[in-house]
Every structure is written in C-alpha cells, then in structure tokens.
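Novice: Below: one structure in structure tokens.
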Amino acid sequence: QVQLVESGGGLVQAGGSLRLSCADSGRTFSRDLMAWFRQAAGKEREFVAAISWLGVTYYADSVNGRFTISGDNVKNTVALTMNSLKPEDTAVYYCAARRGYYSAYPADFGSWGQGTQVTVSS
C-alpha cells in the first residue's frame, strides 16, 4: 500500500521559493505516476505537476517555468521546487500516486497524502 507523507510547506513572500517533499513509506510497486495537486480555500482541487516512473514530467500552464517536479526512485521520494511564488499559489498542496499513464484528474489517483499548507504573502 502506498503511504504518502508531505513536508516543506510554509509562509513565504511573493517572489520567494519553497521546496515540498513527498515520501512514499509504503510499497512502491503500485504506482507509475506521482503528482502534486493543490486546493485553495473555496476552490476545487487542481493539478500542478506530475512525474512518471521513467522521469517524464508534466506541468499545469499556471506553474510551467516556475515549478519543477523531481523524483528519486531509490529513496521513494518526489519533490516540488517552487520558484517565483505568487499569492495565487496559496493553497494546500497534496502529493498523489496512481497506477497507469498520465492523468491530471484527482479522481484517477488512489493514494493521497495529508497535504501541506503553502501561503504566499503579497
């Protein structure tokens, strides 16, 4: 069973950077795609970035060029480096995992972490 634990959230000023980490403490054989989603207050959960087992990366248009997702298949971790942060990036960020090919839909992911808060002040 995949067990995901996020860390690294916090408060940062606009233009700053944060790095989120997600550790898979369970069995890693059941996931082909790792992703980050975020959910702002009063809004639906939205796709941020994903990385496949082979290292292929995908990004939402809103973060492309500012965020970088990376994975370590040996350590069973995935990270999200966020640069040039904006107030609209404020949200709870979730790590997720699924078997199969790329998807940006939360309903397609069967494993989730508890989330970590990112707040960007203006």
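The values are calculated or read from the model by the stated rules, or taken from the named source; none is laboratory data. Predicted model, so just to flag it, every value in this text is computed and none were measured. Backbone-built Cβ (ideal geometry, glycine too); neighbour counts: all protein chains shown. Accessible surface is based on the protein model in full, side chains and every heavy atom, while ligands, DNA and RNA are left aside. Shrake-Rupley method; radii C 1.70, N 1.55, O 1.52, S 1.80 Å.
Novice: What's the extension gain from Thr81 to Ala41 if we count 0.36 nm per residue and subtract their Cα-Cα distance? Please report the intermediate quantities before stating the final value.
Specialist: Numbers: separation 40, 0.36 × 40 = 14.40 nm, distance 2.18 nm.
Taking 0.36 nm per residue and subtracting the Cα distance, the gain is 12.2 nm.
Novice: Percent of accessible area on segment 41-122 owned by carbon and sulfur, 1.4 Å probe? Working shown, then result.
Specialist: Details: 2250 of 4550 Å².
For segment 41-122, the apolar C and S fraction of the accessible surface comes to 49 percent.
Novice: Something else about it: Dipole magnitude of the chain about its Cα centre, charges +1 at Lys/Arg Cβ and -1 at Asp/Glu Cβ only, in debye to the nearest 20? Write down the numbers at each step before the final one.
Specialist: Numbers: 11 positive and 10 negative charges, 33 e Å.
Roughly 160 debye, rounded to the nearest 20.
Novice: Given points 7 Å out from each Cα along the Cα-Cβ axis, report the Ser103 to Asp32 separation in nanometres with one decimal.
Specialist: 1.1 nm
Novice: I would also like to ask the following. Using the C-alpha gyration tensor of segment 53-122, what are the square roots of 5 times its eigenvalues, in whole angstrom, with the largest one first? Write down the numbers at each step before the final one.
Specialist: Working: eigenvalues 95, 41, 33 Å².
Taking √(5λ) for each eigenvalue gives 22, 14, 13 Å, largest first.
Novice: I would also like to ask the following. Treating the chain as a set of equal point scatterers at the Cα positions, no solvent, please give the Debye-formula log₁₀ I(q)/I(0) at q = 0.10, 0.11, 0.22 Å⁻¹.
Specialist: -0.26, -0.31, -1.28
Novice: Would you mind calculating the gained length between Gln117 and Thr57 on full extension (0.36 nm times residue separation, minus the Cα-Cα distance), in nm to one decimal? Before the final figure, lay out the partial values.
Specialist: Values: separation 60, 0.36 × 60 = 21.60 nm, distance 2.30 nm.
Going from the current span to full extension adds 19.3 nm.
Novice: Over what distance in Å are the Cα centres of segment 60-94 and segment 102-122 separated?
Specialist: 10 Å
Novice: Answer rounded, prolate or oblate for segment 27-82, using the Cα gyration tensor with square roots of eigenvalues a ≥ b ≥ c: rounded when a/c is under 1.5, else prolate when a/b is larger than b/c, else oblate. Can you show the working numbers first?
Specialist: On the way: a/c = 2.29, a/b = 1.59, b/c = 1.44.
Note, shape of segment 27-82 comes out prolate.
Novice: A follow-up question, please. For the chain, calculate the relative contact order in percent as a whole number, restricting contacts to Cα pairs under 8 Å that are 6 or more residues apart.
Specialist: After rounding, I find 36 percent.
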